[in-house]
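Everything below concerns the one structure shown next.
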Amino acid sequence: MPSPSTPAPTRRGAARTAAFVALPVAVVAGLAFFAFRSASVPSPAASPSPAASGPVPVTAPPSASAASTAVCGKAIGALPITLNGQHSRAVTTAPERVVAWGDPPVVMRCGVAPVTYPPDAQLLAINGVTWYGHAVGSTVVFTSVDREVPIEITVPAAKGNPSDPIATLSTPIARTVPASASPHPSPSR
């Protein structure tokens, strides 16, 4: 006979079924939102872009502890040299915590401040990392909400579907940046 603290098998089964249904629905809804968002941004003229030259000017993430810097170094070491066909580029500051690819550049910053997001925000769970994405001018900025050391990835609208680079980068981030016990910070109220 099961103890009173053990959930009934039917409850567990129902909860598992609900989770298996809700997660794909949330991911599809999030991807559809960002696909729609990127489709509404005019694409640049169909001329070849000039070769990227010089380091990418970036703002360094805030100062970090030695432990956070070590996690960032491990994460950056696991990232691909090319991202969706775009080669990595030098950055102007904090190369141990910032990396960029292509022109216009996709930029990843490790050790950023935790992001505050609205309670009704559509979070995206992609390859083991949960992201909050929002448009800023002609870019989409994704910030991880479930990692001990927050990661921010800025994707220019000119790159097509903004979640493509996130899908590629999420796997090495999930392997190298420990998950936090709960999303941070809590959604804004």
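Tabulated values for the structure
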read-out: From the options 136, 145, residue that is touching a Phe, Trp or Tyr at 6+ places or on another chain (Cβ under 8 Å), aliphatic (A, V, I, L, M) and without any contact (Cβ under 8 Å) to a residue 40 or more places away in the chain; value: 145
read-out: The one condition in (1) surrounded by 23 or more Cβ atoms within 10 Å (Cβ to Cβ); (2) within 22 Å of residue 85 (Cβ to Cβ) that residue 159 fails to fulfil; value: (1)
read-out: Criterion: part of a strand (DSSP E or B), of a type outside the set (Lys, Arg) and either in contact with an Asp or Glu (Cβ under 9 Å, 6 or more places away or on another chain) or at pLDDT below 95 (or both) - qualifying residue of 69, 130; value: 130
read-out: Close pairs (8 angstrom Cβ cut-off, 6 or more residues apart or separate chains): closer than 14 Å to residue 169 by Cβ in the range 87-103, of a type in the set (Ser, Thr, Tyr) and part of a strand (DSSP E or B) anywhere; value: 88/82; 99/88; 100/88; 101/82; 101/88
read-out: So residue 52, is it modelled with pLDDT of 90 or more, part of a loop (DSSP other than H, G, I, E, B) and more than 17 Å from residue 169 (Cβ to Cβ); value: no
read-out: Test set (1) closer than 14 Å to residue 107 by Cβ; (2) not in a strand (DSSP E or B) - residue 121 fails condition number; value: (1)
read-out: Residue under evaluation residue 138, criteria (1) among the hydroxyl-bearing types (Ser, Thr, Tyr); (2) surrounded by fewer than 15 Cβ atoms within 10 Å (Cβ to Cβ); (3) under 15 Å from residue 79 (Cβ atoms), criterion not met; value: (3)
read-out: Members of the range 119-163 that are at positive phi and of a type outside the set (S, T, N, Q); value: 128, 137, 160
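The values are calculated or read from the model by the stated rules, or taken from the named source; none is laboratory data. These numbers come from a predicted model, not from an experiment. All Cβ positions, even for glycine, are placed from backbone atoms using ideal geometry, and neighbour counts span all protein chains on display.
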